[in-house]
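The values are calculated or read from the model by the stated rules, or taken from the named source; none is laboratory data. Because the structure is a prediction, the values reported are computed rather than measured. Ideal geometry is used to build each Cβ from the backbone, glycine not excepted, and the neighbour counts take in all protein chains shown. For accessibility, only protein heavy atoms count, side chains too; no ligands or nucleic acids. Shrake-Rupley method; radii C 1.70, N 1.55, O 1.52, S 1.80 Å.
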Amino acid sequence: MDRKLFLGQFLIWVVLLLGQLHGSISCIEKERKALLELKKHLISLSVEWGYDTVQPTWTNDTKSDCCLWEGLECNRTSGRVIGISIGDMMFENFSSPLNISLLQPFEDIRRLSLSVEQNGFDGFFDDVEGYKSLRRLRNLEILDLSSNRFNDSIFPFLNGASSLKTIFLHNNLIEGPFPAEEQKNLTNLELLDLSLNMLKGSLSELKDWTNFELLDLSRNFLNGSMLEFSYLKKLKALNLSSNDFSSSMELRGNFFKLLWPLPYYSELKDLINLELLSLAQNSFSGPIPVEVFCEMKNLRELNLRENQFVGQLPLCLGSLKKLRVLDLSSNQFSGNIPSSFISLESLEYISLSDNNFSGIFSLNPLTNLTNLKVLKLSTTSSDMLQVVESESTWQSKLQLSVAVLRSCSLKKIPSFFLYQKNLRLVDLSSNKLSGNVPTWLLENNTQLEVLLLQSNSFTTFQMPTTTIVHHNLQLLDFSKNDIGGLFPDNIGRLLPYLVHMNGSNNGLQGNFPSSMGEMKNISFLDLSNNNFSGKLPRSFFTGCFSLKYLKLSHNKFTGHVPPRVTNTSLDVLRLDNNLFTGEIGVGLLSSNATLSILDMSNNLLTGAIPSWISNLSNLEFLLLSDNNIQGAVPPSLGNMSSVSFLDLSGNLLSGAIPSYVGDYVRYLFLRDNNFTGTIPDTLLARRVRILDLRNNKLSGTIPAFVSTDLEDPPELSILLLRGNSLIGPIPRQLCDLRTIRILDLSHNKLSGSIPSCLYNLSFDLGVAEEDTNIYTGEDYNPTSFQLEYYKSTFVAEKLVVKYTTYHEIAINFATKERYDSYTGGTEFSEGILGYMYGMDLSSNELSGVIPEELGNLSRVRALNLSHNFLSGSIPSSFYNLKDIESLDLSYNELHGSIPQQLTSLISLAVFDVSYNNLSGMVPQGRQFNTFDKSSYVGNPLLCGLPTNISCDQANERSEEEDNGGGEEEDEEAVVDMLVFYYSTGSTYLTALICILLLMCFDCPWRRSLLRLIDAFIASIKTMFL
């Protein structure tokens, strides 16, 4: 019996197969030739190197059935082409119009896809029939023109294809108002996608398009009333996200009700067939208009995220029985979940994250929603949010896939987590959880892939006592907690398939777990800012061969740089701020062809910079600062074409600075070494933005540092030459570096006058802001992974991990009488460094007057000209320094008064003119009332507060100096002569008295003296007789 049944089924399949083969006819010759002509036209538009990629299966081989060619679909009965998709291409020019006359032979075509992605078509043309060309394609129903460069000129051609039901124009260059008039013949159109264009204005012509079922106008610049949508009675899906709609009144249509009399007015609630509605990423405000949304009983998806809705969640939303997706995230909702939500039995996805919830927040209305898979809740309120739930109801009825309770001020994990078995993603980050890391979630949920616990107060980390290996966990983040003690030694054995682990910013101690080498799939590992010690095990590098991002910074690891291994594909290696010793040897690094970031700064490394570093062809960031590295910089470093960030500061490097450091270096730090000789005039490539040569032993003059290429001038923003032995004048060519933000030439031996042209620097508002921006050096690692958990029409719940990091740039610059550190930005901003403008020329031998033009440096925040030989007066133009915070002119030879106009400098926090020859009254008012007498000491002719000298005394002293100076000098000369006369006379008198006293006494001294006198007289007589 079974045998007969099998034979019967076999015969049926044979008959069906024969019928299928009999009905399958190859494409007709006319269309084959037309396809080859179309291919020829596409090749003519393509880049030369891409010719072979243009429809490679479309060949002249007559034995080849064109219905089997890639991108084609044929009618199995007639053999005619009914579908064409040309696929991705790369066009040569931006002007690449398509000759649509080549499509006319395909009379039965129903689906046509011209989505190209790269450059793309920018128009149609037909030299014979013009706009009427597409009229010949009477069966064309679906036209995909996405990701091209079409503009408004495309619509007259489309208007001829009256059979069209679906048009995709996503991601083009269409601008202006909605093109209703240009499409008036497309009466059969049901689906229109104009997303990601540049449409503007209102949608007043929509009421004539009554056949629309799906309309996507997202990611444009539309605004105005939504009243017109109420005429689209057949509409099932409407996407208006990422536009410029701004008022909830536009949803209600109340304003337009006054303008249009009935029957032209109808509210959005009349869209009874609407199933999908997205108004996300607009600027709607006020409470949710319940009379609009709560009447749409067929809604399956409602997306209102990233608006400015306020108030409590409407109770009537619970009446939308068919609702499956509700996204209200990133608004300003408050209150609680309405009790009516218990009726949303079809709900699968609810996101209430990033709202303004506070106080007691109950999850009870969601307890019976057995279809709910995704729950997301977080608050932006500064007030405490206390999440509560009923344990008895959560235990059996709800099984989530995604549970996100981020920034909810949780002090304990809600009890319903104890009964979850199907979780794939758990996010409990940014709460106040403490105690043990909840690794029991791994035991209860074997499908768990992502566990996010960062920014809490967990104190201990222990893996489960069982030996069960968790195969599915891919991402574990417990960074920024208070976890101390030893790191679980068995973590590598129990989590061997982990891809991403971040345990940074804790207090973990002890040795690096040897079991980590069993993580074969680990790609990202960050254990920085802990207290790990000891040596890194060799097994870790040999076993983790998928590792691409390794950051172990700010620990206490010792030993030599990681051992010699050859099977690594690291992109980022950060070992800075540890206790590594020895030389940088061959092995892990020398054999790496993918390394782009190497940071071993702040260790105890010795020896020379190895020449093999130049073999790292993809290296972009090289940081070896603050070690004990000696010797000269290898010339081969200049051959590294990919390096953009080079920091060798704080070592014992000596010799001359290399004359060439590569064409692409943008950040060059060589401070605090023993470099000698002159600064090479070729050092500053046009792309260098920061050059730091401070505190070396450099001599000679400052090079001109100016490119001769006027179309591509230097981009230098920070020039630091402090603490060397540079001589000569400040070169006037520095004035042409118009993007300078910080200039530090202090503590050298520069002479001559200050160039007046320095006002040309970018401290001046005349330079565009975008020309002077300083961004932090960016470390980018393209490796990432993506996990998708839920997908609907408008919502895709997925986790995308991008390995992008930033290296902060810290610049020490003297301001406010302190040597402060200005740090560069993060991924969100430039940081303090981006707002710092300063010039320091102090401690040199500069002379002459202070140029009046320096008062035009209106954006400068710190100006230091102290400890020089500057003369003249303080320029009154300094009142233009509106942003100045620190002005130091001390220890010079300035005279005259302090300009009263300087009191208008409301940002001035430090003002120092001590030890000059200034006179007159000290200005008072505003910031000058805050300066003490130390700002003016050493100027005896200054008077008034805060000095202790009255202006009358100062005036008398000044008059004496002006009028009595010559008389005092004469008197001093007379006194000196009198002193000379008196001293001479007293000396002779004293000697005479001593002689007379000797003559009065009979002693050996007297007799000897008399004998000498007799002998002297006898000798004189002999000479003259």
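How many of the residues in segment 193-207 are hydrophobic (A, V, I, L, M, F, W, C), surrounded by 16 or more Cβ atoms within 10 Å (Cβ to Cβ) and at pLDDT 85 or above?
3
Considering segment 74-99 alone, what residues qualify as being among the polar types (S, T, N, Q) and over 24 Å from Tyr131 (Cβ atoms)?
Pass one, segment 74-99, residues among the polar types (S, T, N, Q): 75, 77-78, 85, 93, 95-96, 99.
Asn75, Thr77, Ser78, Ser85 - these are the residues of segment 74-99 that are among the polar types (S, T, N, Q) and over 24 Å from Tyr131 (Cβ atoms).
With the checklist (1) open to solvent by 100 Å² or more (accessible area, probe 1.4 Å); (2) modelled with pLDDT of 90 or more in hand, flag the one item Arg32 doesn't pass.
(1)
Could you check segment 56-78 and list, in sequence order, the residues that are assigned to a loop (DSSP other than H, G, I, E, B), surrounded by 15 or more Cβ atoms within 10 Å (Cβ to Cβ) and at pLDDT 85 or above?
Trp58, Asp65, Trp69, Asn75
When the residues of segment 156-170 are filtered to those that are closer than 15 Å to Arg135 by Cα and not in a loop (DSSP other than H, G, I, E, B), which remaining residue is least open to solvent (accessible area, probe 1.4 Å)?
Leu158
Results for (1) of a type in the set (A, V, I, L, M, F, W, C); (2) assigned to a loop (DSSP other than H, G, I, E, B); (3) in contact with a helix residue (DSSP H, G or I) (Cβ under 7 Å, 6 or more places away or on another chain); (4) modelled with pLDDT of 90 or more, shown as yes or no for each residue.
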residue	(1), (2), (3), (4)
Gln395	no, no, yes, no
Val404	yes, no, no, yes
Lys421	no, yes, yes, yes
Pro438	no, yes, no, yes
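Starting from residues that are touching a residue at least 60 places away in the same chain (Cβ under 8 Å) and over 18 Å from Leu579 (Cα atoms), keep the ones in segment 621-651 and report whichever is most open to solvent (accessible area, probe 1.4 Å).
Checked segment 621-651; the qualifying residue most open to solvent (accessible area, probe 1.4 Å) is Ser644.
Is there a residue in segment 591-599 that is modelled with pLDDT of 85 or more and open to solvent by 10 Å² or more (accessible area, probe 1.4 Å)?
Yes: segment 591-599 contains one or more residues that are modelled with pLDDT of 85 or more and open to solvent by 10 Å² or more (accessible area, probe 1.4 Å).
Being open to solvent by less than 10 Å² (accessible area, probe 1.4 Å), aliphatic (A, V, I, L, M), within 23 Å of Asn273 (Cβ to Cβ) and part of a loop (DSSP other than H, G, I, E, B): is that true of Leu189 here?
Judged against the criteria, Leu189 is a match.
Please find, within segment 106-120, the residue that is farthest from Ser163 (Cα to Cα) out of those that are among the hydrophobic types (A, V, I, L, M, F, W, C) and at pLDDT 90 or above. Show your work before the answer.
Here is the first cut: in segment 106-120, the residues among the hydrophobic types (A, V, I, L, M, F, W, C) are 106, 109, 112, 114, 116.
Imposing the further condition that a residue be at pLDDT 90 or above reduces the set to 106, 109, 112, 114.
Values: Phe106: 15, Ile109: 11, Leu112: 13, Leu114: 18 Å.
The selected residue is Leu114.
Could you tell me which numbered condition Leu173 fails, if it satisfies all but one of (1) surrounded by 19 or more Cβ atoms within 10 Å (Cβ to Cβ); (2) assigned to a loop (DSSP other than H, G, I, E, B); (3) under 42 Å from the mean Cα position of the chain (by Cα)?
(1)
Touching a residue at least 40 places away in the same chain (Cβ under 8 Å), open to solvent by 20 Å² or more (accessible area, probe 1.4 Å) and under 18 Å from Ser746 (Cβ atoms), is that true of Asp888?
yes
Using beta carbons and a limit of 6 Å, which pairs, at least six apart or on different chains, have the first residue in segment 835-849 and acidic (Asp, Glu) and open to solvent by less than 10 Å² (accessible area, probe 1.4 Å) and the second one at pLDDT 90 or above and not in a strand (DSSP E or B)?
Partner pairs satisfying both residue conditions: Asp840/Ser746.
Among the candidates Val913, Val922, single out the residue that is under 16 Å from Leu865 (Cβ atoms) and either touching a residue at least 40 places away in the same chain (Cβ under 8 Å) or buried (at least 16 other Cβ atoms within 10 Å of the Cβ) (or both).
It is Val913.
Can you confirm whether segment 117-126 contains a residue that is open to solvent by less than 10 Å² (accessible area, probe 1.4 Å) and farther than 21 Å from His41 by Cα?
Looking for residues that are open to solvent by less than 10 Å² (accessible area, probe 1.4 Å) and farther than 21 Å from His41 by Cα, one finds none in segment 117-126, hence no.
So which residues in segment 440-453 are under 17 Å from Leu508 (Cβ atoms) and surrounded by fewer than 20 Cβ atoms within 10 Å (Cβ to Cβ)?
Those that are under 17 Å from Leu508 (Cβ atoms) and surrounded by fewer than 20 Cβ atoms within 10 Å (Cβ to Cβ): none in segment 440-453.
Yes or no: Leu908 within 27 Å of Gly752 (Cα to Cα) and not hydroxyl-bearing (Ser, Thr, Tyr)?
In short, no.
Take the residues of segment 487-514 that are farther than 18 Å from Ser553 by Cα and either at pLDDT 95 or above or of a type in the set (A, V, I, L, M) (or both): which is surrounded by the most Cβ atoms within 10 Å (Cβ to Cβ)?
Leu495
Tell me which residues, restricted to segment 871-894, are out of contact with any Ser or Thr (no Cβ under 6 Å at 6 or more places or on another chain) and basic (Lys, Arg).
Scanning segment 871-894 gives no hits.
From the set of residues in segment 83-95 that are touching a strand residue (DSSP E or B) at 6+ places or on another chain (Cβ under 9 Å) and at pLDDT below 90, which is surrounded by the most Cβ atoms within 10 Å (Cβ to Cβ)?
Residue satisfying both the conditions and the ranking: Met89.
Hey, among the residues in segment 1-29 that are open to solvent by 30 Å² or more (accessible area, probe 1.4 Å) and modelled with pLDDT of 70 or more, which one's nearest to Ile109 (Cα to Cα)?
Residue satisfying both the conditions and the ranking: Ile28.
Would you confirm, using the coordinates I've provided, whether Leu398 is under 36 Å from the mean Cα position of the chain (by Cα) and not assigned by the TED database to the domain that holds Asn303?
no
Failed condition for Ser147, given (1) in contact (Cβ under 8 Å) with a residue 60 or more places away in the chain; (2) in contact with a His (Cβ under 8 Å, 6 or more places away or on another chain); (3) of a type outside the set (D, E, K, R), with all others met?
Status for Ser147: all satisfied but (1).
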